Each structure stands twice: as structure tokens, then as C-alpha cells.
Amino acid sequence: MAEEEEEQRGICVRDVTAPAFIEAYAEHLKNSDKFELPVWADTVKTGVFKELAPYGDDWYYIRAASIARRVYLNPGVGVGQLQRWYGGNYRRGVRTEHFRKANKGIIRSVLLQLESMKVTEKLENGGRRISRVGQQDLDRIAGSVFREGEED
């Protein structure tokens, strides 16, 4: 009886591990013609606490997939809260470390592109949430990741 109930229930983003979902959604965004890589993506750092720009070619798509997952799991999240989430320790040599927020421009540009794709939408009181179309899209990708995991 319990197995039948699980078969009827749809798979959502919460049911899939974060790395597997982010990898699959990043690949989906990369193949999508609506989501574009900005011209500054190869030179920008992700925060003041970093020394270099990211090495990978797909880092922008991976960050976008991660942001979409965070907005899905925490409706009402804004740019400032995402800055704190992606922030890290600024190591200053011999002196003590201090926490620094992540780059706001990257997060804002990703959210604007997701909003133009109708994946996210703005809330009246500030912040963002996943739209109905975006939730269906993310759940569909999570379901395909879940089925791939069952086959292995």
C-alpha cells in the first residue's frame, strides 16, 4: 500500500540530491536558447573574498541552477539573502578572517534572466519565488534525475 502511494506522488526538487539536480538543470539552461551567458562571465570574480575568477566554462549555468533551486526551496528569498548564502571568509593573511558577501551583480543578472524565462517572479513585499511554469519545469527535471538514479 505504501509503495502505491509513492508511485502516485510526483517527484519534486526536494526529493533529489542537490548536486545531481544542479548538474541536470545547468545542462538544461546551457542547451536553452533563452538563457544567455553574459560577456563579462569569463573575467568576473564571484566575491571579494576570491582571488581568481572561476575556472570552469559552465560556472555561470551551475550558479544559475543553484540559485533557481534556492528560490524553489525558500520562496521570498532576495538578492541580499542569496549574497549571504554564497558568501565566504575573506582570508587576510596573518590577520583574522572576516565574512564577506558574494557578488550582487551575478545574482541579480541570473534572477533577471530566470524572470525573463518565466521561471521566477517577483513578490509584492520583495524577494522572488518560483512561478507555476518554473515549478513544473524544475519538477520535470527533478523527476528525470530521480528516474536516472533509480536505474543506476
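Can you tell me which residue within region 22-61, out of those that are without any contact (Cβ under 8 Å) to a residue 60 or more places away in the chain and within 15 Å of GLY149 (Cα to Cα), is least open to solvent (accessible area, probe 1.4 Å)? Reasoning before the result, please.
Restricting attention to region 22-61, the residues satisfying the condition of being without any contact (Cβ under 8 Å) to a residue 60 or more places away in the chain are 22-23, 26-27, 29-31, 33, 37, 39-43, 45, 47-61.
Narrowing further to those that are within 15 Å of GLY149 (Cα to Cα): 22-23.
On the way: ILE22: 32, GLU23: 136 Å².
So the residue we want is ILE22.
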### Task
Scan (1) in contact (Cβ under 8 Å) with a residue 24 or more places away in the chain; (2) within 30 Å of GLU150 (Cβ to Cβ); (3) not charged (D, E, K, R) for the single condition PRO19 breaks and write down its number.
(1)
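Test ASP42 against the criterion of being more than 23 Å from GLY134 (Cα to Cα) and among the acidic types (Asp, Glu), and give yes or no.
On the way: more than 23 Å from GLY134 (Cα to Cα): yes; among the acidic types (Asp, Glu): yes.
The answer is yes for ASP42.
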### Query
Do you know which of the residues in region 127-152 that are closer than 21 Å to ASP33 by Cβ and among the polar types (S, T, N, Q) is most open to solvent (accessible area, probe 1.4 Å)?
GLN136
### Query
Considering region 78-111 alone, what residues qualify as being surrounded by 11 or more Cβ atoms within 10 Å (Cβ to Cβ) and of a type in the set (Ser, Thr, Tyr)?
TYR86, TYR90, SER109
### Message
Can you pull out every residue in region 112-126 that is in contact (Cβ under 8 Å) with a residue 12 or more places away in the chain and either farther than 16 Å from ASN74 by Cβ or open to solvent by less than 20 Å² (accessible area, probe 1.4 Å) (or both)?
### Response
GLN113, LEU114, GLU115, SER116, MET117, LYS118, VAL119, THR120
### Task
Would you check if LEU73 is open to solvent by less than 40 Å² (accessible area, probe 1.4 Å) and at pLDDT below 95?
yes
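The values are calculated or read from the model by the stated rules, or taken from the named source; none is laboratory data. Here the structure is a predicted model, which is why all the values come from computation and not from measurement. Every residue, glycine as well, gets a Cβ built from its backbone with ideal geometry; the counts of neighbours run over all protein chains shown. Protein only, heavy atoms only, side chains kept; ligands, DNA and RNA dropped before computing areas. Shrake-Rupley method; radii C 1.70, N 1.55, O 1.52, S 1.80 Å.
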